[in-house]
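K.L.:
Take this structure first; my questions come after.
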Amino acid sequence: MQQGRDELAPAFFERREERLALARHLERNGIRDRRVLAAMAKVPRHAFVPAAYAARAYEDGALPLAAGQTISQPFVVASMTELARLSSTDRCLEIGTGSGYQAAILAEICDSVFSIEYVPELCALGERNLRALGYGPDRVHLRCGDGTRGWPEEAPWDAILVTAAPPEVPIPLLEQLALGGRLVIPVGALEGPQQLEVWERVGEGLRAEAFRRQEHYGVRFVPLVSSAAPS
Ligand code: SAH
């Protein structure tokens, strides 16, 4: 549900020219989805980055967050959102809430957004940022825990975006994809090359034919940690 203009937090009215310039830059760099560009032009990224980096909030680069994590580059946020091919009625899951910025972009497009974060300090940060901007618990549902297990009680998902990289796609995320659902995920070793992949469920079960997998471009994400014992 969209908020009325009168209810928007002050940050939405600050630095609008910079956000519009960023959206134009993203469009020039190949982002086509109008809803994604509109969300990037609307959501005040400067309210999500640490104060020390606020001046650089509308540069197209990643920035440090607390706990050694990073808020992704705007182009990658926009591109992952576009690759998820969202519609407003989609049930959408993000793994790796971090600052809450990507969750806010998703919430501008989907009515129902869920996001999981592993690091308690960042659970608190993401929640504080999102709620302060008016993304209430009815629009963005938050959980603190291990996202490699997905969110089975709320599955199936029409879209899952993972904003940290595992060496292999976690099976629970594939299990929890609805028919036609898309998983957008960077895959690769921490020190090695990572690829942005999209997995679409086209059939039942976990056999290879149940998924259509596409590789996109090389990326560099922080590792997706897992509480599961290594096999
Ligand atoms: N989407 C974030 C960027 C997050 S960086 C934003 O817009 O700001 C990646 C995040 O994934 C970090 O916050 C990290 O703590 C988190 N993370 C890593 N492993 C995780 C896991 N297993 N479950 C949930 N979150 C995880």
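Bear in mind these aren't lab numbers, they're just calculated from the coordinates by the rules spelled out. Source: prediction; values computed, not measured. Cβ: placed from backbone, ideal geometry, glycine included. Neighbour counts: every protein chain shown.
K.L.:
Over the chain, with a Gaussian network built from C-alpha contacts below 10 Å, which listed residue (89, 70, 97) shows the highest mean-square fluctuation?
P.N.:
Most flexible of the set in this elastic network: 89.
K.L.:
Percent relative contact order of the chain, based on C-alpha pairs within less than 8 angstrom and at least six residues apart?
P.N.:
14 percent
K.L.:
A further question on this structure: What is the gain in length, in nm to one decimal, between residue 56 and residue 216 on full extension, counting 0.36 nm per residue of separation less the C-alpha to C-alpha distance?
P.N.:
In short, 54.9 nm is gained.
K.L.:
Are there trypsin sites (Lys or Arg not before Pro) in segment 139-209 that DSSP marks as loop and that have at most 10 other Cβ atoms within 10 Å, and which are they?
P.N.:
In loop regions of segment 139-209 (DSSP not H, G, I, E or B), the sparsely surrounded trypsin sites (Lys or Arg not before Pro) are 207.
K.L.:
Next question, about the same structure. Name the residues of segment 33-65 whose amide N is less than 13 Å from a point 7 angstrom out from the Cα of residue 20 along the C-beta direction?
P.N.:
Taking a point 7 Å out along Cα→Cβ of residue 20, the residues of segment 33-65 whose backbone N falls under 13 Å are 41-42.
K.L.:
How many percent of DSSP beta bridges within the chain run antiparallel, rounded to 5?
P.N.:
Looking only at bridges with both residues in the chain, the antiparallel portion is about 45 percent.
K.L.:
Under the rule of at least 5 residues apart or a separate chain, name every residue whose amide H is placed under 5 Å from the amide H of residue 91.
P.N.:
158, 159
K.L.:
Follow-up. So which GluC sites (Glu not before Pro) in segment 1-103 are both in a DSSP loop and have at most 15 other Cβ atoms within 10 Å of their Cβ?
P.N.:
Those satisfying the criteria are 14, 59.
K.L.:
Is it possible to state the helix-based mean residue ellipticity at 222 nm for the chain, with each DSSP H run of 4+ residues giving -39500 (n - 2.57), the sum divided by total residues, to the nearest 500 deg cm²/dmol? What is it?
P.N.:
One gets -7500 deg cm²/dmol as the mean residue ellipticity at 222 nm.
K.L.:
In segment 4-87, which trypsin sites (Lys or Arg not before Pro) are in a loop and have at most 14 other Cβ atoms within 10 Å, using DSSP for the loop call?
P.N.:
In loop regions of segment 4-87 (DSSP not H, G, I, E or B), the sparsely surrounded trypsin sites (Lys or Arg not before Pro) are 32.
K.L.:
Rounded, prolate or oblate: which fits segment 151-200 when a ≥ b ≥ c are the square roots of the eigenvalues of the alpha-carbon gyration tensor, with rounded for a/c under 1.5 and prolate only if a/b beats b/c?
P.N.:
prolate
K.L.:
What shape does segment 1-151 have by the C-alpha gyration tensor, where a ≥ b ≥ c are the square roots of the eigenvalues, rounded means a/c under 1.5, and otherwise prolate means a/b greater than b/c and oblate the rest?
P.N.:
Here segment 1-151 falls in the rounded category.
K.L.:
Can you give the charge dipole size of the chain about its Cα centre, rounded to the nearest 20 debye, using +1 on the beta carbon of Lys and Arg and -1 on the beta carbon of Asp and Glu?
P.N.:
Around 540 debye, computed over the chain.
K.L.:
Segment 129-222: D in µm²/s via Stokes-Einstein (Kirkwood Rh, Cα pairs, 4 °C, 1.567 mPa s)?
P.N.:
Roughly 90 µm²/s, to the nearest whole number.
K.L.:
Pop a pseudo-label 7 angstrom from the Cα along the beta-carbon direction at both residue 32 and residue 111 and give the gap in nm to one decimal.
P.N.:
Output for this residue pair reads 2.8 nm.
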